[in-house]
Structure formats: C-alpha cells, structure tokens
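Since every read-out is calculated from the coordinates, none of them should be taken as a lab result. The shown structure was predicted, so the numbers you read here are calculated from the model rather than taken from an experiment. Reconstructed Cβ throughout: ideal geometry from the backbone, glycine too, with neighbour counts over all protein chains shown.
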Amino acid sequence: MRISHCCALLLALACFPRPAVGEDWPRFRGPDGSGVSSATSLPSTWSDTENVAWKTALPGPGSSSPVISGDRVYVTCYSGYGVDQFDPGDPENLVRHVLCLGLADGKVLWNKPVRAAVPEDPYQGSLSQHGYATSTPATDGERVFVFFAKSGVLAFDREGNQLWQTSVGTGSAMMEWGSAASPLLYKNLVIVNANPESQSIVALDQKTGREAWRTAAKGYVNSFSTPTLVDLAGGKQELLVFLPDEVWGLNPDDGGLYWYCTGVRGTAIPGLVSKGGVAYVIGGGMGGTGSAAIRAGGSGDVSGSRVVWRQSAGSYVPSPVLLDGHLYWADERGMACCMKADTGKEVYRQRLPEANNVYASMVAADGKLYAVTRRNGTFVLPAEPTFKVLAHNRLKSDSTDFNASPAVTSGVLLLRSNRAIYCIQAK
C-alpha cells in the first residue's frame, strides 16, 4: 500500500509543470505595489483535488502575503501566543517566523524564529482578526526584509542568516490594533510606516539597518497603510503615505515633505496606487468612507488645487487595483466595486455571492481579477468594467482564515491561509 501511494503521489506531481522562473513578486502587491501582474496561464478554477500543485503547512497563523524571488518564496507567521482565541496563552511566548520555501515544490528551505523583543499588544479585539504577522516581507533578491512591529525591522540573507535588527519604536496604536504596514525598498533604503510604534515614517540603510531618516507624524494615529512610490516626469519619484484624513507626498531620499492633501475619510489602511502621476486612495471604517484622485508633484497644501475628484465610495481594509483606466476592489463586506479612474464615476457595485468578509486585496493577472475572501473562497472576475463571476473556488479542507493577498508569477498563484500556503497551478 505504501509503494502504490508513493507512485500515485509521484504521478500526481508529474501532472504539474515545474513552475517557470517568471516575474518576481518581491513585496506587498507585487513589483510596484499595484497588485497587477503580467503573468499568464493562470487557472480560473481549483479545489482540494484540482489544480493544487503543492500545499505546505505553516508553523503558525499570519495575515502577511507570500513574496516570490526567483525560485524562492518568503513568508512570515507566528506561534506561541494568540494562536487559540479561547486560550491565547502568555504573550512572553510570542515567536515570529520567517520562512523560505522552494517555489517548485513548496519544500521548507529554512525557518528562522524571532522572539518578541517586548510584550506586544494583547490578543483581543481587531488585533485578533489578523494576528502578529501581518506585514508582508520585501526582497531585493539577495536579502529579505521583515517588519515585526515592536520587535523592529530585520534583514536576512538568502540562506536565512540574520544580518541586522533595528527597532523603530515600541508604542501602540490608539486602539491597540497591532501593526500591518509592509516595508518598501527604495534605492539603498528600506522604508516602513511605523505609525503604531512611533508615529513616524522611518528609512533604514539596507546593508546596516542604521536609521537614514525619520519623518514625524505626531498626532496622526491609526495608520496601517503601506507606503508606495509614484513616478513623475523626468524619472523623479515621490513617496506617498496615507495617514488618517491626509495623504503626504515625501522626498524618498530624505523624508522631506513636498505636499499634503486633506479630506480623505476613513481609517488609513488600504495602499495607494498610481498612474501617470496621479495617486488614487480609498479609505473606510471609522471616520467614514471615501476615495480621491490626487495629482502628485505639488507643494504645500494641495487639498483644493491638485485633487482630480473625490467620491464617497471606499474600502476599510482591502486595497484597489488600477487597470486600463479603471479602479477595482472588493471591500470588507464582500462588495465588488469598479469606478472610472479619470472621473471617479461608479461603474458597478455588486455583492460577491456568499461573501461577507474580505481582508485580502484583489490582484489582476491574465485578464482576470482574483478576490480572496476570509472564509468563502476566492472569486474570479473578468478584468473589465463588467461584473461577472467567472468562478468561485473553495479549498474546503481548510476552514481557517485566508487574510493574505495572493502572490503571482508565471503560471502560478500562491494563496495563504492561517494554516498553509497553496500553489495554484493548471495541470
């Protein structure tokens, strides 16, 4: 029986092509943070018995997304505390993990535990919805950088050797919601939104971990948005940071403030996207719901002069996708939304069947939109301004939360739950 089982397993694996080394997915929401991939040959349907090339169990839960660099996958999770909502345990036992997997087969190449430097926020309220490993890693191919809240920013090499660890603060957000923003790599810097930890944006040297600059955001509480870069004419870039009721445009080289725009309602959680020098931001939750298009490259208060449009539609947690002149997202209540990027006019707002809780951000690839829900599977929609459900896929053997946004590369979609990582690939 054992021999025949092994033969069947080998035969099943042989049905899947070896994942090709395609475009890297090196940070939260892909190469430029837009959630858009050029990958093709992605499956539209899957289940426990269809189009799952491999599945790798994780040593603990987490909401961070996997990232892809060449033939390797990096992801974080946590253990020791806050794993069981009915019996959280002792916060002194909290351990975070940085894992490296092989893209071809999901084999764990290394697992580096990192003990919490100080007691973290208690496992309760909104923090229990996402846990202690929410920030997605970032990699430049040679090193991988992780942000572990009060335990700081850490860097590892490809073999799992820790290079440095730097604290960016040990404070807490007003509501003790933990930390969620992911690191951004820019030139020789790794930039983090350390709003809960120190109400600041901090840039560290990638090689040494030494602080290069720090921009104070004192008084701006509850910002969990990942910073992003917007391209301007002449090759110039600005660093965009979403804070409660404001968007800042900073100089990424020194953290200096170029401009700010007020009036974006809601808690600052979703990431921004941009095209042609225009930044698009959506917010929701406490403080209301709203969205705006802001022309970057300004100076001082641009709240009136460079706002292209404002709308009342928005999102509490999930970030938008900008594709072919349209913004797409699925909000926390399971509503699929589409609006015109040039005017903000709503094209559609439709409920995803049976979906009522979404934490992950949508991604676009291969002419499709992939919207992962927490407990109701993944919906596949056409990447066009017409609402239609092409497929609704469930992995019924896994009843845990799927909080992470997918990672994409050539022919491969990586999904992550609180239990495992799944490589979705057409046979």
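Points worth noting:
- Annotation note: GluC sites (Glu not before Pro) in segment 257-358 located in DSSP loop regions with a Cβ neighbour count of at most 16 within 10 Å are GLU354.
- Our summary gives segment 29-126 a relative contact order of 19 percent, counting only alpha carbon pairs under 8 angstrom and 6 or more residues apart.
- Cα gyration tensor category, rounded, prolate or oblate, for segment 221-370 with a/c compared to 1.5: prolate
- In nm, spacing of pseudo-spin labels at THR386 and ALA216 (7 Å Cα→C-beta vector): 5.6 nm
- Set of aspartates and glutamates with alpha-carbon distance to LYS218 below 19 Å, sequence-local pairs under 8 removed: GLU176, GLU197, ASP245, GLU246, ASP254, ASP301
- Segment 136-204-segment 374-391 distance, computed between alpha-carbon centres (Å): 33 Å
- Mean Cα-pair separation over length for segment 296-380, i.e. relative contact order, pairs under 8 Å, 6 or more apart, %: 21 percent
- Cα gyration tensor shape of segment 170-277, rounded if a/c is under 1.5, else prolate or oblate by comparing a/b with b/c: oblate
- DSSP beta bridges confined to the chain are antiparallel in about 95 percent of cases.
- Ranking of MET335, MET362, MET174, MET286 by count of other Cβ atoms within 10 Å, fewest first: MET174, MET286, MET335, MET362
- Cross-link check: pairs LYS236/LYS275; LYS107/LYS207; LYS150/LYS275; LYS112/LYS150 evaluated at a Cα-Cα cut-off of 23 Å; pairs beyond the cut-off: LYS107/LYS207; LYS150/LYS275.
- When each of TYR359, TYR74, TYR348 is scored by the number of other beta-carbon atoms lying within 10 Å, the sequence from fewest to most is TYR348, TYR359, TYR74.
- Amide H within-cut-off set for GLU246, under 5 Å, with H built and near neighbours excluded: VAL264
- Order of THR134, THR262 under a 10 Å beta carbon neighbour criterion, fewest first: THR262, THR134
- Only Lys, Arg (+1) and Asp, Glu (-1) charged, at Cβ; the chain dipole about Cα centre in debye: 640 debye
- Residues of type aspartates and glutamates that LYS388 reaches as a straight line, Cα spacing below 17 Å, ignoring anything fewer than 8 places off in the same chain: ASP331, GLU346, GLU354, ASP366
- Segment ASN93-SER397, extension gain: residue separation times 0.36 nm, minus the distance between their alpha carbons: 106.5 nm
- When each of the peptides 249-260, 363-374 is scored by how many other beta carbons lie within 10 Å of its residues on average, the order from highest to lowest is 363-374, 249-260.
- Given their separation in residues at 0.36 nm each and the Cα-Cα distance between them, SER38 and ASP253 gain 74.5 nm when the chain is fully extended.
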